[in-house]
Amino acid sequence: MGANNEPYSFIKDNDSELYNVLMREVSREEETLELIASENFVSYPVLEMAGSLMTNKYAEGYPGARYYGGCEFVDQAEDLARDRAKKLFNCDYANVQPHSGSQANMATLMTFLSVGDTIMGLDLAHGGHLTHGSSVSFSGQLYNSVSYQVEEGTGRVNFDDVYDLAKKYQPKIIICGGSAYPRHIEFDKFREIASKVGAFLMADIAHPSGLVAAGLHPSPMPYCDVVTTTTHKTLRGPRGGMIMMGKDFENEWGITAPKSGRTKLVSELLNSAVMPGVQGGPLMHIIAAKALAFGEALDPSFKVYAQNIVDNAKTMSNELLSKDYRLISGGTDTHVILIDLTNKNVTGKSAEKALEKAGITVNKNMIPFDKRSPFITSGIRIGTPAITTRGMSSDEMALIVQLIDDIINDIDNEDKINKTRSTVSSLCKSFPIYSELHK
Ligand code: DSN
């Protein structure tokens with residue numbers, strides 16, 4: 001809140017050019033339908049904390065062992081974030097410092113692997129993530145990357161294929177999870193394979209972590225050696241990353257502390273990989289905002305929210321199927337729906353563009369075995385976390401699918417696009433976000 005109790009008025013007085021940019025983004029978020037599966041709206045308290053003066057503090061190190069003075073209160077914030085994360089995910093270890101999911105993954109791979117070791121993750125074009133071994137990321141450049149894929153008919157991971165690949169390439173780590181996989185991640189089946197080939201098992205639950213916290217998606221903790229996540233998707237926290245372990249364990253690489261001769265715990269190696277390995281000063285305002293969001297996720301109301309996310313995704317997927325859309329894997333167990341637009345004769349790129357003009361934000365996405373490039377794509381990915389945060393439910397899901405269908409079936413019809421935009425705008429007005437900004 002700024003001068004005259006007007007939101008952002010200090011920014012307005014100080015830099016009107018940026019203020020205008022900010023207000024355009026405020027309007028965009030408020031007046032359009034956010035269907036990007038990896039986005040959400042944080043609560044106003046989380047927003048306030050993320051913009052708090054904790055941004056000023058340098059705190060390299062960890063609570064109780066910092067390289068800077070004056071860390072008493074940021075230590076308390078980081079302790080709260082770690083303790084709440086451990087409670088939320090029922091795990092022994094949490095590192096809340098990674099600035100992003102990619103940095104969490106980088107620190108994790110640096111901990112478990114040496115450069116040149118073999119990693120095995122889900123192919124990016126089949127729903128994986130850049131940091132799971134793509135050649136354009138450090139993960140495919142520093143490590144020998146072997147990717148598993150989904151089956152063409154089912155759109156799901158085939159565990160016989162994963163096992164065959166793992167036997168052949170003997171990866172040191174297997175990564176499960178991804179960015180566009182609509183089904184539950186089957187940690188137990190990955191565990192069996194990892195144990196058979198003697199690989200570590202890492203889960204990246206960036207997408208479903210809010211559903212895991214709410215008990216609506218299996219937990220990776222009993223099965224995986226290490227778990228990474230982002231905090232801003234279904235978990236509805238500030239933008240950032242986190243690393244967890246269900247149980248800490250002694251490393252198997254024979255690294256001993258020079259003075260004590262003691263074998264290091266993996267938690268110690270992970271901590272050092274995050275800082276100083278990958279990052280310097282942690283973002284204490286974001287860590288405090290993570291603590292706040294984890295507190296919200298521990299409240300029973302979060303379970304209701306998470307159930308609504310899944311129910312909304314199921315309703316949307318049924319509505320889409322009834323309108324002859326081909327969904328990868330035939331539907332969803334989560335918040336993610338991946339639509340193949342091939343039978344509609346529309347590319348992902350043109351659908352994304354037309355829908356954006358109509359006030360509906362989605363992202364073009366490759367489908368498994370896509371014949372088009374990542375810049376064009378044959379599909380779009382949609383998700384329900386953000387619209388569920390607005391309070392929308394089944395009636396709105398049916399309406400939104402109808403609006404999407406209207407555009408996809410008449411992609412160049414500017415009249416229809418304009419009409420849809422005005423329907424979207426009234427719908428959004430009925431489900432306001434950030435009313436605190438308008439007091
Ligand atoms: N870019 C994120 C997503 O959209 O899923 C993954 O990091």
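Using a Förster distance of 25 Å, how high is the FRET efficiency between Val136 and Phe369, based on the Cβ-Cβ distance and rounded to 0.05?
It comes to 0.80.
Which percentage, to the nearest 5, of the DSSP beta bridges contained in segment 120-214 is antiparallel?
10 percent
Which chymotrypsin sites (Phe, Trp or Tyr not before Pro) does segment 55-118 hold that lie in a coil by DSSP with at most 13 other beta carbons within 10 Å?
Here the sparse-neighbourhood loop sites are Tyr67, Tyr68.
Hey, got a sec? Which trypsin sites (Lys or Arg not before Pro) in segment 316-408 land in a DSSP loop and have at most 12 other Cβ atoms within 10 Å?
Lys371
Can you give the extra length, in nm with one decimal, that the chain gains between Glu152 and Asp299 once fully stretched, where that is 0.36 nm per residue apart less the Cα-Cα distance?
48.9 nm
How far apart, in nm, are two points set 7 Å out from the Cα along the Cα-to-Cβ line at Tyr19 and at Asp324?
5.3 nm
How charged is the neighbourhood of Gly153? Take every other residue with its Cβ under 15 Å from the Cβ of Gly153, and add Lys/Arg as +1 and Asp/Glu as -1.
Summing Lys/Arg as +1 and Asp/Glu as -1 gives -2.
Calculate, in nm to one decimal, what Lys419 and Ser195 gain on full extension: separation in residues at 0.36 nm each, minus their alpha carbon distance.
Extending this stretch completely gives an extra 75.0 nm.
Within a 10 angstrom radius of the beta carbon, how do Tyr163, Tyr325 rank from fewest other beta carbons to most?
If I rank by nearby Cβ atoms, fewest first, I get Tyr163, Tyr325.
Going by C-beta contacts inside 10 Å, put Thr361, Thr108 in order with the fewest on the left.
Neighbour counts put them in this order, fewest first: Thr361, Thr108.
Describe numerically, in nm with one decimal, the distance between label points set 7 Å from Cα along Cα→Cβ at Val26 and at Trp253.
In this crude spin-label approximation the distance works out to 4.8 nm.
How far is it, in nm, from the label point at Lys86 to the one at Ser435 when both lie 7 Å from their Cα along the line to the Cβ?
In this crude label model, Lys86 to Ser435 measures out at 3.8 nm.
Rounded to whole Å, give me the distance from the Cα center of segment 119-168 to that of segment 342-369.
After rounding, the separation between the Cα centres reads 25 Å.
Taking 8 Å as the Cα distance limit and 6 or more residues as the minimum spacing, I'd like the relative contact order of segment 55-100 as a percentage.
That works out to 24 percent.
Compute and list, largest first, the equivalent-ellipsoid semi-axes of the chain from the alpha carbon gyration tensor, each √(5λ) rounded to a whole angstrom.
So the equivalent ellipsoid measures 36, 30, 18 Å along its semi-axes.
Between Glu72 and Leu265, what is the FRET efficiency for a Förster distance of 30 Å, r being their Cβ-Cβ separation, to the nearest 0.05?
0.70
Using Cβ contacts closer than 10 Å as the measure, can you line up Thr347, Thr229 from fewest to most?
Going from least to most buried by this count: Thr347, Thr229.
Every number in this text was worked out from the coordinates using simple rules, so none of it is lab data. Just so it is clear, the structure is predicted and the values come from calculations on it, not from any experiment. Note that each Cβ is placed from the backbone with ideal geometry, even for glycine, and that neighbours are counted across all protein chains shown.
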